[in-house]
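Here the structure is laid out as structure tokens; the discussion comes afterwards.
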Amino acid sequence: MQYQCLSSQNYELTYEASFDKELMVDRLNQSEKKLKDKATLRRLLRESKPVEIKVIANSTTAYSFRKNQLKSDNTKININNSLFGKDEFYYLDFIENDFVFKKKSGSKFYNVNFQSHNYIIENEEVKVINGYKCHLAYIESEDTKIWFTKDKALNLGPKTYFGLPGLVVKVNKSDIINYDLKSIKETKIEPQSFPDNQTVISEKKYNAIIRKLGNGIFEN
């Protein structure tokens, strides 16, 4: 697949990641959790704030990261942090079609090669979101809806959501997780490229490591 970007100009995209509070509370009310657990989760939902994601991109590369937290943010637990960690990064090389994400699990960082999603595009359905005329796409085998606009010649989005014929404006995953485009502007900041001297593993191997780490929690 060929990827497009807006010439050699650098652009900064800002997205917000958040859980749908109302839907989460509704599902919580229907769950069998103890009243004490429900009260704690309701408080965490009430106090949660969207996590801001930055994407710096040009015609050849893109780099995604999370904006630095304020010191005051560390005094409270923000459940939206789980949607994009402070030690999470995405590097896209459109020339080589080489895509890597970097994440920290436990005390170790992992650099992982991944591919763009396979999308099903519903060109007939059009919806205006944040002022953009958007088309709907689905990800095969996932409960994920993506709204993108063809009005911007930039087929990017947050995290691994790129490769559509336009700019991703909104991602809705499993109804309760949202990634929303808040702004796009020109910038003098260059996107960071993935260092050539770092070891990269496959997504299959990474998933096996994560499963093993999860199982290790219950081992003696």
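The values are calculated or read from the model by the stated rules, or taken from the named source; none is laboratory data. Predicted, not measured: the structure shown is a model, and the values here were computed from it. All Cβ positions, even for glycine, are placed from backbone atoms using ideal geometry, and neighbour counts span all protein chains on display. The accessibility values were calculated without ligands, DNA or RNA, using every heavy atom of the protein model including side chains. Shrake-Rupley method; radii C 1.70, N 1.55, O 1.52, S 1.80 Å.
Among the residues making up region 104-114, those that are in contact with a strand residue (DSSP E or B) (Cβ under 9 Å, 6 or more places away or on another chain), touching a residue at least 60 places away in the same chain (Cβ under 8 Å) and surrounded by fewer than 17 Cβ atoms within 10 Å (Cβ to Cβ) are N113, F114. If the condition is being closer than 24 Å to P50 by Cα and either of a type outside the set (F, W, Y) or free of Cβ contacts under 8 Å to residues at least 12 places away in the same chain (or both), then region 136-153 contributes L136, A137, I139, E142, D143, T144, K145, I146, T149.
Each residue in region 185-220 was checked for being exposed (fewer than 10 other Cβ atoms within 10 Å of the Cβ), at pLDDT 90 or above, assigned to a loop (DSSP other than H, G, I, E, B) and charged (D, E, K, R), and 1 of them qualify. Examine region 34-42 for a residue that is of a type in the set (K, R) and part of a loop (DSSP other than H, G, I, E, B), and state whether such a residue exists. For region 34-42, residues of a type in the set (K, R) and part of a loop (DSSP other than H, G, I, E, B): present.
Of F65, F94, F101, all but one fail to be touching a Lys or Arg at 6+ places or on another chain (Cβ under 7 Å) and not aliphatic (A, V, I, L, M); the exception is F65.
Checking each residue in region 29-77 for being hydroxyl-bearing (S, T, Y), under 23 Å from P191 (Cβ atoms) and either in contact with a strand residue (DSSP E or B) (Cβ under 8 Å, 6 or more places away or on another chain) or modelled with pLDDT of 90 or more (or both) picks out T60, T61, Y63, S64. Of the residues making up region 83-101, none is within 17 Å of the chain's Cα centre (by Cα) and polar (S, T, N, Q). Can you name the residue in region 72-103 that is in contact (Cβ under 8 Å) with a residue 40 or more places away in the chain and assigned to a loop (DSSP other than H, G, I, E, B) and, of all such residues, is most open to solvent (accessible area, probe 1.4 Å)? Among them, the one singled out is N97. Can you work out which of the residues in region 146-155 that are closer than 17 Å to Y15 by Cα and either at pLDDT below 95 or among the acidic types (D, E) (or both) is farthest from the chain's Cα centre (by Cα)? Taking the candidates together, the pick is K152.
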